[in-house]
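Chemist: This structure is in structure tokens; I'll ask about it shortly.
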Amino acid sequence: MLLRRLALTAAALAPALLAAPAVSAAPLPLPQPGTGGDHLTVTVTEAGHLDGRFELYCHPAGGTHRHPKEACEQLDKQAHWGKDLFAPVPRNQICTMIYSGPQRAHVSGHWAGRPVDTDFNRTNGCETARWNRFSELLGNPEVSDED
């Protein structure tokens with residue numbers, strides 16, 4: 001009796017299940033610049049020829065940045081799941097007290113679905129090393145003309 005009831009229930013539900021819309025497995029289109037995705041606003045100060053405000057879009061690369069493709073590639077190479085790419089130098093980090101210059105930068109926006117709001121400087125060895133890891137994004141102050 002129970003088996004017959006289950007068979008009747010399954011037969012009654014079959015048309016409803018067949019009428020359900022199919023889920024599409026088509027890939028989503030890549031976001032276009034200005035519509036979302038990875039977008040950073042970079043403001044560089046006290047860096048001479050590097051000074052300015054730039055927009056960087058990645059995936060696909062674009063914006064007003066001097067070298068968008070190279071900057072996006074550098075960021076992609078450093079991005080690792082579960083790690084904050086833009087994390088500041090830890091407060092307890094021991095750093096050489098080598099001043100590399102007055103250059104400053106502020107980066108804000110979104111990268112890999114996460115908000116970004118961070119500052120860069122070159123006031124000691126750790127901060128300079130951090131700046132250098134983002135040299136395509138921020139520019140290299142030790143080069144007189146990048147263009």
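What follows draws every value from the coordinates through simple rules; no lab data is involved. In this text the structure is predicted, and so the values were computed from the model without any measurement. Cβ coordinates were reconstructed from backbone atoms using ideal geometry, including for glycine residues, and neighbour counts include every protein chain displayed.
Chemist: Which peptide among 100-106, 134-140 comes first, and what is the full order, when sorted by highest mean count of other Cβ atoms within 10 Å?
Modeler: Ranking the peptides 100-106, 134-140 by packing returns 134-140, 100-106.
Chemist: Moving to a separate point now. Order the peptides 114-127, 77-90 from the highest to the lowest mean number of other Cβ atoms within 10 Å of their residues.
Modeler: 114-127, 77-90
Chemist: Okay, moving on. Tell me the net charge near Lys77. Cut-off is 15 Å between Cβ atoms, Lys77 excluded, with +1 for each Lys or Arg and -1 for each Asp or Glu.
Modeler: Here the count lands on -2.
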